[in-house]
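Coordinate-derived values only; no laboratory data. Fair warning: this is a prediction, and the values are worked out from it, not measured in the lab. Every residue, glycine as well, gets a Cβ built from its backbone with ideal geometry; the counts of neighbours run over all protein chains shown.
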Amino acid sequence: MIKRDLFSKNKLRTYINEFDRIVSQLIKSKENINAKWSTILTKEIESSKSKVFHTHNVQSYSAKMLSMILNKELLDIIELLIGPDIILHHSKLFFKPPLIGAAFPLHQDWSYFPTKRDTMIAAVIHLSKSDEEMGCFRIIPKSHHLGKINDSDGHTYNKRIHQKYQLDSALPIIAKPGDVLFFDARTIHGSLPNNSIEARKTILLQLYSGMDEIVPNNKHTNVQLVLRGINHNATRSSVSNIKA
Ligand SMILES: O=C(O)CCC(=O)C(=O)O
């Protein structure tokens, strides 16, 4: 599902500027910010020089990004999808540079952060235009009905996914700045390289219900930021970085 024009023009301008500022901050840090997957599945379709600049948790960079995540209209839609208790698991920024923007193979997200009640969803906030040439998101409609497919993280060939579906025939999600794409963590999705002369800018929020919880011993970062309602299963140790 895609919601068009979610933010006012002024707010959108603020968030795009803030996105660009964070990208400059990342470059200045001199850390490795290229999160390209480099899997066998996309070797044939992207340049060996391809890149995607990335960081987790944009709300840790600025209050402007936190206010974007707390936008009322955004949370109203998320509430319709997963109920009144909304937990931010993490956010991530993706900057797919012009001409060399990396591809993402078809995969499901659930295996990175499985939950007990399968309420995890993604909300992809577009802060630039995104079309086929720019390596827009591509999804296999209704594929969440296939359930949790084993070994579906996109790092290895999976017969149930890659024999049946191809990235270039998956549904392209053509978006403008301010459009937000929502999909279930079991939806098969990916993206082709950015071959255009423009950068593709997105922020992906991963959200789950406060009635749900991440299965034990999962190592993925989970900020458990309560955006609305209650985190019913939070415990002293689950919200701490220091594990007893
Ligand atoms: O940003 C993209 O093109 C794809 C990212 C993605 O599929 C993911 O992070 O799970």
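Brief remarks follow.
- For the range 2-228, the dipole from Cβ point charges (+1 on Lys and Arg, -1 on Asp and Glu) about the Cα centre works out to 340 debye, to the nearest 20.
- Sum of -39500 (n - 2.57) over DSSP H runs of 4+, divided by residues of the chain (222 nm, nearest 500): -5000 deg cm²/dmol
- For the chain, with +1 on Lys and Arg beta carbons and -1 on Asp and Glu, the positive-most of Ile125, Ile27, Leu80 along the dipole: Ile27
- For Ser50, Ser67, order by how many other beta-carbon atoms lie within 10 Å, fewest first: Ser67, Ser50
- Neighbour-count order for Ser191, Ser196, Ser238, Ser29, fewest beta carbons within 10 angstrom listed first: Ser29, Ser238, Ser196, Ser191
- Ratio of the Cα radius of gyration of the chain to 2.2 N^0.38 Å, where N counts its residues: 0.97
- Placing R0 at 30 angstrom, the Cβ-Cβ distance between Val239 and His155 gives a FRET efficiency of 0.55 after rounding to 0.05.
- Residue with peak Gaussian network fluctuation, the chain [Cα springs, cutoff 10 Å], from Glu31, Glu213, Glu133: Glu31
- Bridgeable lysines around Lys129 (alpha carbons under 19 Å apart, same-chain partners fewer than 8 residues away excluded): Lys3, Lys9, Lys11, Lys51, Lys92, Lys96, Lys176, Lys201.
- On full extension, the segment bounded by His145 and His56 gains 29.2 nm, given 0.36 nm per residue less the C-alpha separation.
- Total formal charge among the other residues, if their Cβ is under 14 angstrom from that of Gln25, Lys/Arg +1 and Asp/Glu -1: +1
- Cα-projected label distance for Glu133 with Ile33, points at 7 Å along beta-carbon direction, nm: 2.6 nm
- Model label points for Asn195 and Thr221, set 7 angstrom from Cα along the Cα-to-Cβ axis, are 3.3 nm apart.
- Label point at Ser48 placed 7 Å out along Cα→Cβ; residues across the range 93-122 whose backbone nitrogen lies under 18 Å: 100-103
- Here Thr156, Thr115 are placed in order of increasing Cβ neighbour count within 10 Å, fewest first, which gives Thr156, Thr115.
- Comparing Ala170, Ala199, Ala234 in a Gaussian network model of the chain where C-alpha atoms under 10 Å apart are linked, the largest mean-square fluctuation is found at Ala234.
- Ser111 sits among other residues whose Cβ lies under 11 Å from its own Cβ, and their net charge, with Lys and Arg +1 and Asp and Glu -1, is -1.
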